[in-house]
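S.K.: Here's a structure for you.
What follows is calculated from the coordinates using simple rules that are stated; it is not laboratory data. Please read these numbers as outputs of a predicted model, since none were measured by experiment. We place every Cβ from the backbone using ideal geometry, glycine too, and count neighbours over all the protein chains shown.
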Amino acid sequence: MQFLESFKPELTVESPGRINLIGEHTDYNMGFVLPTAIEKKIIFEFKKNGTQNNCNVYSKTFDTGFELNLNALDKSAIEWENYILGVLNEISKRTDKLRGFDCTIVSNLPTGSGLSSSAALECGLAYGLNELFELGLSKMEMVKLSQIAEHTYAGTQCGIMDQFASVMSVEGHVLLLDCRSLEYKPIPINLHPYKLILLNTKVSHNLASSEYNTRKKECEEGVAVLKKDFSEVNSLRDVSIEMLESVKERISETVFNRCSYIIAENKRVHNLAEALTENNLELVGQILYEAHDGISRLYKVSCPESDFLVDFSKWNSNVLGARQTGGGFGGCTLNIVHENGVDDFIKTATEAYKEKFNICLEAFEVKPSAGTTCYVN
Ligand code: GLA
């Protein structure tokens, strides 16, 4: 693209991906989550280009880019462009201060791996433009408008966890976030001598987005029935297992399973946060295994590849616990592994996975990191 020839960026934004320690699919049920940003991120460089409306966005990583006009923010047929267009559309609804800009993007965050590369893209763009044009948006406004952009332009009815974690995370902590009030508490996480190891299955089954929206509907179906008997119920957050049992005859087995998973998962978030605070790492690991079991059997958002890796980890005494992290149907498993056993675990898991699925997995350590950062060049 032509602007690259003389591009002198004014501003750099580092926008991280995230892992979620626990609390999967609880966010859109107004429950609790425990995510943190990781060091893998998308880096943006921005410059005003002096035009009213013309913008250029170029991904160095994928060697592809596009031009756009701020007055014509229609959806694109190209997936990643929609994250950009959706954010610009939401910003334009809130302010008229946006002008033409040029932007390059480079990323070491794998896409489609359950590490929220889409939220990192949305929030990093919003953050950078907010600084560049002094739009005056708060962090929470950027988090929320990025979530809406995902609903409207990408078509996933996601909760708020990914955008929140990408922007608000605190180094060395996980965020205990109440997705209803949006109150949050950074909880220090010290796993020494254990490490957080991600195994990327390298699969992202393409039913992820449609099945995601189906899960949301199934939960709402449960809430609609529960609400008839319990008027105080507005989301699964307000439901106990006893309440759910009392309407069992009136809901399908599928809806029952989805709801019971969410109720248990919300409890697990609190139990795990407590176990972290007490440094009870065995319990942390055990809760991860329980959560994966729920993800796989009741909520049914796992896949053979993730199940295989989680099961495989159970045979290794250096692993305290593991589960699939993120929206599901592939992506990464998160493993708590003793530092002395990391190399061996990665080696044996890689071999076994290759033999079973003929796929070379990717393995890396992650550390709880800070949310979005921005600096003037
Ligand atoms: C995706 C969504 C999040 C959340 C997770 C599952 O990452 O974007 O809002 O629902 O799935 O926990």
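S.K.: Using +1 on the beta carbon of Lys and Arg, -1 on that of Asp and Glu, and nothing else charged, what's the dipole of the chain about the Cα centre, debye to 20?
M.R.: I would put it at about 380 debye.
S.K.: I would also like to ask the following. What does DSSP give for the chain in terms of the percent of beta bridges that are antiparallel, rounded to the nearest 5? It would help to have the intermediate numbers written out before the result.
M.R.: Working: 53 of 57 bridges.
Of those bridges, close to 95 percent are antiparallel.
S.K.: The chain: longest stretch without exposed chymotrypsin sites (Phe, Trp or Tyr not before Pro) (DSSP loop, at most 12 other Cβ within 10 Å), sites themselves excluded? Mind showing how you got there, number by number?
M.R.: On the way: sites that count: PHE62, TRP315.
The answer is 63-314.
S.K.: Within 10 Å of each residue's Cβ, count the other Cβ atoms and sort MET140, MET30, MET161 from fewest upward. Mind dumping the intermediate values first?
M.R.: Details: MET140 14, MET30 20, MET161 29.
In order of increasing Cβ crowding within 10 Å: MET140, MET30, MET161.
S.K.: Can you give the FRET efficiency for ILE241 and HIS192, using 1/(1 + (r/R0)^6), R0 = 51 Å, r = Cβ-Cβ distance, to the nearest 0.05? Each step should come with its number before you reach the end.
M.R.: Details: r = 35 Å, r/R0 = 0.69.
That gives a FRET efficiency of 0.90.
S.K.: What GluC sites (Glu not before Pro) in region 104-213 are in a loop by DSSP, with at most 15 other Cβ atoms within 10 Å of the Cβ? Provide the component values of the computation, followed by the final result.
M.R.: On the way: sites: GLU122, GLU131, GLU134, GLU141, GLU150, GLU171, GLU183, GLU211; in loops: GLU134, GLU171, GLU183.
Counting only loop positions with at most 15 other Cβ atoms within 10 Å, the GluC sites (Glu not before Pro) in region 104-213 are GLU134, GLU171, GLU183.
S.K.: Using modelled amide H (1.01 Å from N, peptide plane; none on Pro or chain starts), what sits under 5 Å from the amide H of ILE38, excluding residues fewer than 5 places away?
M.R.: Hits under the 5 Å cutoff: GLY17, ARG18, ILE19, SER369.
S.K.: A follow-up question, please. Considering only the other residues whose Cβ falls under 15 Å of the Cβ of TYR299, what net charge follows from Lys and Arg at +1 and Asp and Glu at -1? Don't skip to the end; give the middle numbers.
M.R.: Values: positive: ARG215, LYS216, LYS217, ARG258, LYS267, ARG268, ARG297, LYS300, ARG323; negative: GLU24, ASP27, GLU211, GLU218, GLU220, GLU221, GLU253, GLU265, GLU290, ASP293, ASP307.
For residues surrounding TYR299, the net value is -2.
S.K.: Could I ask something else about it? Please report, in debye to the nearest 20, how large the charge dipole of region 267-377 is about its Cα centre when each Lys and Arg carries +1 at its beta carbon and each Asp and Glu carries -1 there. Provide the component values of the computation, followed by the final result.
M.R.: Working: 10 positive and 15 negative charges, 79 e Å.
Dipole of region 267-377, to the nearest 20 debye: 380 debye.
S.K.: To continue, here is another question. Averaging sequence separations of C-alpha pairs under 8 Å and six or more residues apart, then dividing by the length of the chain, give the relative contact order as a whole percent.
M.R.: Working: 804 pairs, mean separation 91.3, N = 377.
Over the chain, the number comes to 24 percent.
S.K.: At a Cα cut-off below 24 Å, give the lysines reachable from LYS248, other chains included and same-chain residues fewer than 8 away excluded.
M.R.: Within the straight-line cut-off, LYS248 pairs with LYS216, LYS217, LYS227, LYS228, LYS267, LYS300.
S.K.: Treating only the Cβ of Lys, Arg, Asp and Glu as charged (+1, +1, -1, -1), what charge dipole size does region 197-303 show about its Cα centre? Round to the nearest 20 debye. Show your work: numbers first, answer last.
M.R.: Details: 14 positive and 17 negative charges, 95 e Å.
Using only the charged Cβ atoms, the result is roughly 460 debye.
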